[in-house]
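The next block holds one structure in the form of structure tokens; read it before the comments.
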Amino acid sequence: MIGILKGMATTMKHALDGKTFTVEYPDVAPEVSPRFRGVHKFSQERCIWCRQCENVCPNDTIQIVMDDKRNGEQYNLHIGQCIYCRLCEEVCPVDAILLTQNFEFTADTKDEFVYNKEQLKNVPWYKGIDPLNSRNPDRDAWIGEGEGEIDYE
Amino acid sequence: MNEWIAVGALGVVAVGIPLGMMAASAMLRPTVPEQGKAATYESGEVPTGTARVQFNIQYYMIALLFVIFDVETVLIFPWTVIYRPALEEGVSLAAVLVPMFVFLGVLVVGLVYAWRNGAVEWVRSPRAQRQKTES
Amino acid sequence: MTGGDVVLQTTNATNATGAGVSRPPSAPLADSIAGMLGLDGVVGAVVGGLIGAFLIANVMLTTTAIAGPWAKRKITASFTDRIAVNRVGPFGLLIIVADSVRLLSKELIVPDGVDRPAWDLAPIVITFSALIGFAVIPFGSGLQLADPETGVVFVFAAASIASVGVVMAGYASNNKYSLLGGLRAIASNIAYEIPLIVTAASVVIFAGTLQMSEIVAVQRQPLVTVAGVTIPQWFAIVNPFAFALFTLANLAEIGRNPFDLPEAPTEIVAGFQTEYSSVYFVLLYLGEFIHIFLGGAIAATLFLGGPAGPVLPGFVWFYVKMWAFFLFTQWARSAVPRLRIDQFLDAGWKGMLVLSFANLALTAILVGVIV
Amino acid sequence: MSLEEPGPDADAAAVARAADEMEALVGEHVRSRDDHLNAPGYVVRPDAVQDVLGTLREEANLDHLSCVTAQEYEDRYESIYHLKSYDDPTHEASVVVPTPKDDPRSESAAPVFRTADWHEREAYDLVGVEYEDHPDLRRILLPETWQGHPLSLDYDQERPQIVPLREHANPLEDDQEGDEGETMYLNIGPHHPATHGVLHLKTTLDGEQVIDVDPDIGYLHRCEEQLCQKSTYRYQIMPYPDRWDYISAGLLNEWAYARAIEDMADIEVPEYAQVIRTMGAELCRIAAHMLAVGTFALDVYGDFTAIFMYAVRDREKVQNILEDLTGQRLMFNYFRLGGVVWDLPDPREEFFESIRDFLDHLPGSLEEYHDLISANEILQVRTVDTGVLPPEVAKSYGATGPVARGSGVDYDLRRDDPYGYYDELDWDVVTEDGMDNYSRLLVRLREVEESAKIIEQCVDLLEDWPTDDRTIQSNVPRTIRPDDDTEVYRAVEAAKGELGIYMRSDGTEQPARFKIRSPCFSNLQTLPEMSNGEYIPDLVASLGSLDIVLGEVDR
């Protein structure tokens, strides 16, 4: 009986102290770690089309199409298929592909989850967090390029 | 008799409200007959066999006891009602208490007997018992 | 059900012996409405009864509507450190409207092989049984539909009809989980009905009447006066042991934790209501919630002085007491594990039954000594 | 490696001597030796399996059949029985049973080790080796009507498979007709509130009591082994272990793969990385046990109880820490061969602060759990002496982790077969002798305390770690090609028990065979043992106390 009463007292204590741990998500954007891995962002002026990301991807998420002179034409990423392992970012020698903290994206069909390189360039930073801060490689080319407008091809 | 008319009126209302809700819902809700929808739920599997089996009700002894005790409760009520007024009118305590205690005593003896014979026990399934000892 | 027999037999019994019982202090609701309308005789009784019944039923429906979709979520959430519904309307209150529209406009799916009349009747029976019990409940402030001399017996008889509905639902559904749930409902009913009624009988010994208004009136008398504060003779204070027994048995009767075996979501999915959808499900749910409040109302009337309470009008107090019981069921739900069926029956037959008879005998002796 | 292996030559000699002794025991059956990296391997004839395993079990104390791996070579099929000792898991042996291509029949080990029942069914299902004398050789993961064996070499992936719902729905349907009509056949799961995922329990009831329960798994089979066989050692396999036991035990799972490949390819792990690994893994264990306790309470308490939410709340705290460390809340992908991918997040003090903060609040939370769960009389009535699993039975079923320790089997790979930084730290293995649902619950609650102890020590170590010695990864080549035909079986103590990985290399950068020994798979097998003859609520409680994750059972 004591145990039952103790248990009931514990829950009542929780009820009365009024503390909640609910995250009111759409109203309050959740805190995410600087290391959090979300949607990819692509920088075309950095990319050297070495195809390492395509090769390392365990899931065939990234598809790179090049013309016969080995110039990059397309960079497609099936975000619906991605497992967010960040291996593409890890192997990229020039930080051309980067996982932002942005986790909010929707689509009506699976096909819409195939992002081409323009869409990938326009992925916004989440709360202005630049993930490279925490990941610390050379990052000059990314500064000031946040909206993805600079593109010299 | 007034009271029972009122109670009956609530009875009418208490049937009328569910019926009214059913009628309202019947007008609102869609009907999309579809194959498979009407299968009974068995955790997502196709139901095997029927639910109308000779089900082992393992408390049947207790259910029998219930009949006895329910009749007893019925007999207790008149006594509880007159108990206090009778005492207040000066009937001696023994006269109102003892007969009922004798009555209760008889039943308690019955309960003890049933208890000792295991009738108040949950009837464990012999099949399950066998399975348990085998494995 | 045996409940019917109880009504008949004791009606006769009280009629024979209850000659000395005085009239209730205030007229029941049906009579006062008839009086207000200036009707008398059978017409007055019928019209007054219907209007009163409609009023009472709507009070209970509103209460349940608040309790089911909204209060239950809020209460559970506060026990579990969450917020719960807060997006529709102030404090999420409009979720009540949203939920009722949603549920009423869902498709009714009739599973294969259901036993049609029983399956259709079960929701009505359950709602009916819970609502009709309120006919004799003294809400206070003159809100008592009827006040028959056999009120206590009637209310228990009415409440236990719900078990029939549950069994009907369970057996008619042609679903194995429902079958198990229905059978568990019988088991819990037969195991806890007797302790419940016998404990109530101990109150009757004190009050010397079965009439609800009289029981309330008896509790109005002062018990002791401590430092100028008069403590009324509520039976919960006079006999806390009986109150504890009654509360437990009541929890079992209405099938709430730790005795929620007929539903037992983690074992038999949803028990007897597994196959119900749309308005039928609403009715089952509604019936269950009204049943909780009926349990609360009975406990309040028998043990907590009914509508008695300082300052505020009687009806408010009574309402608060019903809600307190509802809150208690939710509190128990948050922290008390469910018993297993055999342990549950053991506790009923070996514990509650014996204790309730002991309580009855002791109360009888006590009253005998006092008087 | 230096930390993983005892190392010194004296030990190696002792191991070799023990191996020779074992060979002497079963000498007449051994055709040749096929030593694996972790253990001596004996090649035996297909008809001598029971003899050899029985002898090794009785004479050499190899009483733990950890795993059964089946694979197909160009010229033969092979079943490998990985044996260990519960007293000393470093005492290992592999029994290799080759069977010819045209007639892949081999004697079943099920009469000797009950755990072999399911393992051999899986081998039959996926590879196609047939086991004679097996009590019930049918498919386990795939539907009964499946054509071909997916991991066999000549399997045609393009071939369309027809799985009629009706037939797959209930293979037992015919069996039920003959029963005297008083028992009820009930499907519990796959979509049931208490099966913790898509588990299907074929249950036969007599009244409220369970006569027979037969778990049917495979609803969440995602070909994880095949996926790993198609991935490169260096990078691509590591994200997948997170997805086996997906309820936040990710780092523990990753360690299983890391340990196997680091042994196989001889990769060193810097000490600093080992400490980080240990800390992360224990955080994961706390998170996993919190969920286990919460869902167990949910099963026993019924409705949406407070305990579940409190457990999830505490779990959230762990996940916040793990998110800071690894960047993800569940699918961490944090380990790399030879270390971890990131150092602790900056600023380090803040990170340590958050961990210490969590650890400071943990005793209070545990106190609350004890108030709510273990001290509750009704819960005790419900769980004490239900779901009884005697230690001998547990061993025979290869139960590990909290399930074994709740039965009094003192077996914990972190201590008995040390890896990481565990043997440098001060902590205890928790066991309870109750053998019932209650003791399994207690074991988990107490293990949380032990994990907290480990984390605290790791934090202390990391705080004082010299700045210039913070190597998080050793130098690992960009492609890894272990020598041809290297075989290794390595296990770690994951949240649910012994998570083992068998890998065979064929000289390429992808494993030729990748076999996962999942603890849940073996633990789940004990369910009929625990719940036959008990009540439905006890069946549910026992299932909850096993703490299975279907992602790991089915892989």
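The values are calculated or read from the model by the stated rules, or taken from the named source; none is laboratory data. These numbers come from a predicted model, not from an experiment. Every residue, glycine as well, gets a Cβ built from its backbone with ideal geometry; the counts of neighbours run over all protein chains shown. Each accessible area value is taken on the protein alone, full model and side chains, heavy atoms only, with ligands, DNA and RNA left out. Shrake-Rupley method; radii C 1.70, N 1.55, O 1.52, S 1.80 Å.
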Legend entry - Within segment C:302-317, tally of residues that are in contact with a helix residue (DSSP H, G or I) (Cβ under 6 Å, 6 or more places away or on another chain) and assigned to a helix (DSSP H, G or I): 2
Inset, instruction - Report yes if some residue within segment D:295-303 is touching a His at 6+ places or on another chain (Cβ under 9 Å) and farther than 23 Å from D:R243 by Cβ; otherwise report no. - result: yes
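When you check C:V354 against the structure, is it assigned to a helix (DSSP H, G or I), open to solvent by 10 Å² or more (accessible area, probe 1.4 Å) and within 12 Å of chain B (Cβ to nearest Cβ), yes or no? If you could, list the steps in order and put the result at the bottom.
Numbers: assigned to a helix (DSSP H, G or I): yes; open to solvent by 10 Å² or more (accessible area, probe 1.4 Å): yes; within 12 Å of chain B (Cβ to nearest Cβ): yes.
Against the criterion (assigned to a helix (DSSP H, G or I), open to solvent by 10 Å² or more (accessible area, probe 1.4 Å) and within 12 Å of chain B (Cβ to nearest Cβ)), C:V354 qualifies.
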Legend entry - The lone exception for B:Y60 - which of (1) touching a Phe, Trp or Tyr at 6+ places or on another chain (Cβ under 6 Å); (2) more than 8 Å from every other protein chain (Cβ to nearest Cβ) it fails: (1)
Legend entry - Top-ranked residue of segment C:312-347 - restricted to ones that are more than 14 Å from every other protein chain (Cβ to nearest Cβ) and more than 14 Å from the chain's Cα centre (by Cα), ranked as least open to solvent (accessible area, probe 1.4 Å): C:G314
Inset, instruction - Looking at (1) outside any helix (DSSP H, G or I); (2) among the charged types (D, E, K, R); (3) open to solvent by less than 30 Å² (accessible area, probe 1.4 Å), find the lone condition where C:E149 falls short. - result: (3)
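Yes/no matrix, rows are residues, columns are (1) surrounded by 24 or more Cβ atoms within 10 Å (Cβ to Cβ); (2) under 18 Å from the mean Cα position of the chain (by Cα):
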site: D:W244; (1), (2): yes, yes
site: D:E254; (1), (2): yes, yes
site: D:F304; (1), (2): no, no
site: D:Q319; (1), (2): no, no
site: D:V340; (1), (2): yes, no
Legend entry - Qualifying position, being buried (at least 24 other Cβ atoms within 10 Å of the Cβ) and part of a helix (DSSP H, G or I), among D:E552, D:E529: D:E552
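Tell me whether segment D:246-257 contains one or more residues that are free of Cβ contacts under 8 Å to residues at least 24 places away in the same chain and either within 11 Å of chain C (Cβ to nearest Cβ) or over 24 Å from D:L37 (Cα atoms) (or both). Spell out the reasoning first.
As a first pass, look at segment D:246-257 and keep what is free of Cβ contacts under 8 Å to residues at least 24 places away in the same chain: none.
There is no residue in segment D:246-257 that is free of Cβ contacts under 8 Å to residues at least 24 places away in the same chain and either within 11 Å of chain C (Cβ to nearest Cβ) or over 24 Å from D:L37 (Cα atoms) (or both).
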Inset, instruction - Give segment C:58-81 a look and list any residue that's buried (at least 23 other Cβ atoms within 10 Å of the Cβ) and within 14 Å of chain B (Cβ to nearest Cβ), or say none. - result: C:M60, C:T64
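Within 7 Å of chain C (Cβ to nearest Cβ), over 30 Å from D:P193 (Cβ atoms) and open to solvent by less than 20 Å² (accessible area, probe 1.4 Å), is that true of B:V15?
Working: within 7 Å of chain C (Cβ to nearest Cβ): yes; over 30 Å from D:P193 (Cβ atoms): yes; open to solvent by less than 20 Å² (accessible area, probe 1.4 Å): no.
So B:V15 does not fit the description; no.
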Inset, instruction - Return the pairs, sorted by first residue and then second, in which the second residue is open to solvent by 10 Å² or more (accessible area, probe 1.4 Å) and assigned to a loop (DSSP other than H, G, I, E, B), the first residue lies in segment D:323-345 and is within 7 Å of another protein chain (Cβ to nearest Cβ), the beta carbons are less than 6 Å apart, and the residues are 6+ apart or on different chains. - result: D:E323/D:R329; D:D324/D:P345; D:G327/A:R35; D:G327/A:F36; D:N333/A:C85
Inset, instruction - Quick one: which residue in D:R382, D:R415, D:R405, D:R440 is open to solvent by 30 Å² or more (accessible area, probe 1.4 Å), basic (K, R) and on the phi < 0 side of the Ramachandran plot? - result: D:R415
Inset, instruction - Within segment D:463-512, count every residue that is part of a loop (DSSP other than H, G, I, E, B) and either in contact with a strand residue (DSSP E or B) (Cβ under 9 Å, 6 or more places away or on another chain) or over 22 Å from D:T278 (Cβ atoms) (or both). - result: 19
Inset, instruction - Among what's in segment B:41-67 and is in a helix (DSSP H, G or I) and open to solvent by 40 Å² or more (accessible area, probe 1.4 Å), pick the residue that is farthest from B:E121 (Cα to Cα). - result: B:V67
Inset, instruction - For B:A38, state whether it is in a helix (DSSP H, G or I) and without any contact (Cβ under 8 Å) to a residue 24 or more places away in the chain. - result: no
Legend entry - Checklist (1) open to solvent by less than 70 Å² (accessible area, probe 1.4 Å); (2) more than 7 Å from chain C (Cβ to nearest Cβ); (3) out of contact with any strand residue (DSSP E or B) (no Cβ under 7 Å at 6 or more places or on another chain); (4) not hydrophobic (A, V, I, L, M, F, W, C) applied to B:D70, failing item: (2)
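Suppose we keep only residues that are among the small types (G, A, S) and farther than 29 Å from D:C228 by Cβ within segment A:29-61. Which one would you say is modelled with the lowest pLDDT?
First, pick out the residues of segment A:29-61 that are among the small types (G, A, S): A:29, A:33, A:38, A:43.
With farther than 29 Å from D:C228 by Cβ added as a condition, the list becomes A:29, A:43.
On the way: A:A29: 83, A:S43: 80.
Among those residues, the one meeting the criterion is A:S43.
Just need a number here: residues in segment C:215-233 that are surrounded by 23 or more Cβ atoms within 10 Å (Cβ to Cβ) and more than 19 Å from the chain's Cα centre (by Cα). Please lay out each step first, then the result.
Here is the first cut: in segment C:215-233, the residues surrounded by 23 or more Cβ atoms within 10 Å (Cβ to Cβ) are C:215-216, C:219.
Imposing the further condition that a residue be more than 19 Å from the chain's Cα centre (by Cα) reduces the set to C:219.
Qualifying residue count, segment C:215-233: 1.
If you check D:Y86 against the conditions, is it without any contact (Cβ under 8 Å) to a residue 60 or more places away in the chain and aromatic (F, W, Y)?
On the way: without any contact (Cβ under 8 Å) to a residue 60 or more places away in the chain: no; aromatic (F, W, Y): yes.
In short, no.
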Inset, instruction - Report whether or not B:Q129 is surrounded by fewer than 19 Cβ atoms within 10 Å (Cβ to Cβ) and within 14 Å of chain D (Cβ to nearest Cβ). - result: yes
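Take C:G92 and decide whether it is at positive phi, buried (at least 21 other Cβ atoms within 10 Å of the Cβ) and either at pLDDT 85 or above or more than 9 Å from every other protein chain (Cβ to nearest Cβ) (or both). Steps first, please.
On the way: at positive phi: yes; buried (at least 21 other Cβ atoms within 10 Å of the Cβ): no; either at pLDDT 85 or above or more than 9 Å from every other protein chain (Cβ to nearest Cβ) (or both): yes.
In short, no.
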Legend entry - Given (1) assigned to a helix (DSSP H, G or I); (2) open to solvent by less than 10 Å² (accessible area, probe 1.4 Å); (3) without any contact (Cβ under 8 Å) to a residue 60 or more places away in the chain, number of the condition D:V430 does not satisfy: (1)
Inset, instruction - Only one of these is surrounded by 13 or more Cβ atoms within 10 Å (Cβ to Cβ), polar (S, T, N, Q) and not in a loop (DSSP other than H, G, I, E, B): A:Q74, A:Q101, A:Q63. Name it. - result: A:Q63
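Pull up segment D:192-224, narrow it to residues that are of a type in the set (D, E) and outside any strand (DSSP E or B), then point me to the one that is surrounded by the most Cβ atoms within 10 Å (Cβ to Cβ).
Quick first cut of segment D:192-224, residues of a type in the set (D, E) only: D:206, D:208, D:212, D:214, D:216, D:224.
Subset that is outside any strand (DSSP E or B): D:208, D:224.
Numbers: D:E208: 29, D:E224: 20.
The qualifying residue surrounded by the most Cβ atoms within 10 Å (Cβ to Cβ) is D:E208.
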Inset, instruction - Please find, among A:K13, A:K110, the residue that is of a type in the set (K, R) and facing chain D (nearest Cβ under 10 Å). - result: A:K13
Inset, instruction - Go over the candidates D:Q229, D:Q236 one by one and state the one that is of a type in the set (S, T, N, Q) and within 14 Å of D:F335 (Cα to Cα). - result: D:Q236
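So that you can scan it fast, the table gives a plain yes or no per residue for (1) open to solvent by less than 60 Å² (accessible area, probe 1.4 Å); (2) within 30 Å of C:V336 (Cα to Cα); (3) out of contact with any Lys or Arg (no Cβ under 8 Å at 6 or more places or on another chain); (4) not polar (S, T, N, Q):
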| residue | (1), (2), (3), (4) |
| --- | --- |
| A:M1 | no, yes, yes, yes |
| A:T10 | yes, yes, yes, no |
| A:E24 | no, yes, yes, yes |
| A:E31 | no, no, yes, yes |
| A:P58 | yes, no, yes, yes |
